[in-house]
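To start, the structure itself, in structure tokens.
Just so it is clear, none of the values below were taken in a lab; they were calculated from the coordinates. Keep in mind that this is a model prediction, so the values were computed, not measured. Using ideal geometry, Cβ is built from the backbone for each residue, glycine included, and neighbour counts are taken over all protein chains shown.
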Amino acid sequence: MYKYWHLFLISLRQRNVFLFDVLSSLFSYSIRIFLVITLYRYLNAHASADSFGGYSVRDLSWGLIFAQIATVGMPNLSWEISEDVKSGKIAVYLLNPVKYPAFKALEVLSGAFSNLLVMTVLALGIGAAFAGLPELSLASVAGSLFLLVGSFVIFALLHLLIGLLSFVLEEVQPIRWIVWKFNLLLGGNILPITFFPPWLQTVAYASPFAYTGYTAGLTFARFNPESFLRYALTQALWIAILVSVTAATYSYFSRRLVANGG
Amino acid sequence: MGNYFRIFAANMLSAMEYKAAFLMQSSFMAVNNAFIVFVWYVFFQKFGTIGGLDFGHYIILQALMGLAFGLQQLLFGGCWSIAYKIRDGGLDSELLLPGSPLLRILMSKTDISAVGDICFALVVFAWLYVDASPISFGIFLVVGIL
């Protein structure tokens, strides 16, 4: 466990060397948030009151802000794994006395962790400026941060799973596009889930994507113990499912690895 | 100009050498774009129009962007590698060669997923404007190229 902790710290330092990369992603994040919140405001002014499903513009804006933290803050782990396979570096990693998925996940989560800290602070500033701060309580802040950390874990596991497919496939980026579009659609990254027709809302809340930031944002804006418990339990269930699937995938595919890409 | 055409042809042949990857990238990019259409279909179904803009207007804009981005990535996919070349010293060798270094770097790579973007744009145009005249299609292509 000690060596994994050191791997985490080294990667954390390495990721923060490229300050310009971090700042440029924050800039695009701010622009996107501003544009979508402007759209929500327009809709609020022109559409019927029940269109927002009982939520205010501020609630939905915070849902968007938190959903985008996880989407923008997560480094592209699937691409890194794919490059390891294509370049043949994977052979060296597999010879090391560390579990490759654990090593890669820690390496990426260290980057995500620093992004999470910086982006959460920035998101609070942007949210306060564009949407207004909700009435905060210890429960809403702690609950949303708890769900946000879970969001990063779900994202890392999804990346890991897609990346591991590169053990047997030539190219996994197209699969990542599709999964990320599901995240865009079902994760409240453009449109809040409450805008969807009932059948699509059911699909969204049954998928892992609603728990990659959106529900954390709703918890931050309007804390409700019952909703929080439901979100946390569903998120934990998805983490358990993804960990099991990732472990099984690694175990199966590592025996069928085709170096330089399937 | 012939040399640049040969660079493009070589890029295409190289990309198509990995047939599974070529088919997967181009088809999944088209599906990827279709998701965007679905997101905005859901949106406009609920809200109708936004400041006079309806689903058809929005999607044709999306198709135009897909066409423009797809053509750029297909012909000048090397544009994203200029910074890497400068950082890694790869620009030095380009400057020593005859012809335009910028054009050669821009054409040094073809992003094969761009085929999916272009197909998406053409399918959307055909879907929205079934009875469009050749002139309308020509305008669509020219605007996309510009």
Can you compute the modelled spin-label distance between residue B:128 and residue A:129, with each label point 7 Å from Cα toward Cβ, in nm? 3.3
Just want the answer: with Cβ charges of +1 for Lys and Arg and -1 for Asp and Glu, which residue in B:108, B:132, B:5 is farthest toward the dipole's positive end in chain B? B:108
Taking chain A as a Gaussian network, Cα atoms linked when under 10 Å apart, which of A:125, A:188, A:150 shows the biggest mean-square fluctuation? A:125
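Which length gain, in nm to one decimal place, applies between residue A:91 and residue A:145 when the Cα-Cα distance is subtracted from 0.36 nm times their residue separation?
Numbers: separation 54, 0.36 × 54 = 19.44 nm, distance 3.75 nm.
Contour length minus Cα-Cα distance gives 15.7 nm.
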Spin-label pair residue B:19/residue A:121, simplified geometry with 7 Å Cα→Cβ offset, distance in nm: 5.5
Neighbour-count ranking [beta-carbon atoms within 10 angstrom, fewest first] of B:26, B:100, B:81, A:114: B:100, B:81, A:114, B:26
For the range B:99-146, what is Rg from Cα atoms divided by 2.2 N^0.38 Å, rounded to two decimals? 1.54
Count the lysine pairs in the protein assembly as shown whose Cα atoms lie under 26 Å apart, taking only pairs 8 or more positions apart in sequence or on different chains. 20
With +1 at each Lys and Arg Cβ and -1 at each Asp and Glu Cβ, the charge dipole magnitude of the protein assembly as shown around its Cα centre, to the nearest 20 debye, comes out at 640
By how many degrees, 0 to 90 and rounded to 10, does the Cα axis of helix A:77-87 deviate from the longest principal axis of chain A? 20
Using the beta-carbon distance between residue A:137 and residue A:243 and R0 = 25 Å, what value does 1/(1 + (r/R0)^6) give for FRET efficiency, to the nearest 0.05? 0.20
Highest-MSF residue in chain A out of A:200, A:60, A:106 [GNM, Cα springs under 10 Å]: A:200
Quick check: the angle from helix B:2-17's long axis to the longest principal axis of chain B, C-alpha only, nearest 10 degrees? 70
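What shape does the range B:12-74 take by its C-alpha gyration tensor, where a ≥ b ≥ c are the square roots of the eigenvalues and a/c under 1.5 counts as rounded, a/b above b/c as prolate, and the rest as oblate? Please list the in-between numbers first.
Numbers: a/c = 6.69, a/b = 2.36, b/c = 2.84.
It comes out oblate by the Cα gyration axes.
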Could you please rank A:79, A:238, B:127, A:199, placing first whichever residue has the fewest other Cβ atoms within 10 Å of its Cβ? A:199, B:127, A:79, A:238
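Please give the contour-minus-distance gain from residue B:6 to residue B:60: 0.36 nm per residue of separation, less the Cα-Cα distance, rounded to one decimal in nm. Each step should come with its number before you reach the end.
On the way: separation 54, 0.36 × 54 = 19.44 nm, distance 3.30 nm.
Using 0.36 nm per residue and subtracting the Cα-Cα distance, I get 16.1 nm.
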Considering only B:124, B:39, B:31, give the residue with the highest GNM mean-square fluctuation for chain B, with springs between Cα atoms whenever their separation is below 10 Å. B:39
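What's the exposure ranking of B:80, A:62, A:177, B:40, going from fewest to most Cβ atoms within 10 Å? Could the numbers behind the result be given before it?
Working: B:80 12, A:62 30, A:177 19, B:40 16.
Lowest to highest Cβ neighbour count: B:80, B:40, A:177, A:62.
Based on DSSP H runs of at least 4 residues, each adding -39500 (n - 2.57), what is the mean residue ellipticity at 222 nm of the protein assembly as shown after dividing by all its residues, to the nearest 500 deg cm²/dmol?
Values: 19 runs with 308 residues, N = 408.
Result for the protein assembly as shown: -25000 deg cm²/dmol, rounded to the nearest 500.
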Quick check: pseudo-label points 7 Å beyond the Cα along Cα→Cβ at residue B:142 and residue A:168, how many nm apart are they? 5.2
³J(HN,Hα) across the range A:118-135 via Karplus (A = 6.51, B = -1.76, C = 1.60, θ = phi - 60°), whole Hz, x for Gly/Pro? 5, 6, 5, 4, 5, 4, 4, x, 5, x, 5, 6, 8, 10, x, 6, x, 6
Quick one: helix B:114-128 against the long Cα principal axis of chain B, what's the angle to the nearest 10°, folded into 0 to 90? 20
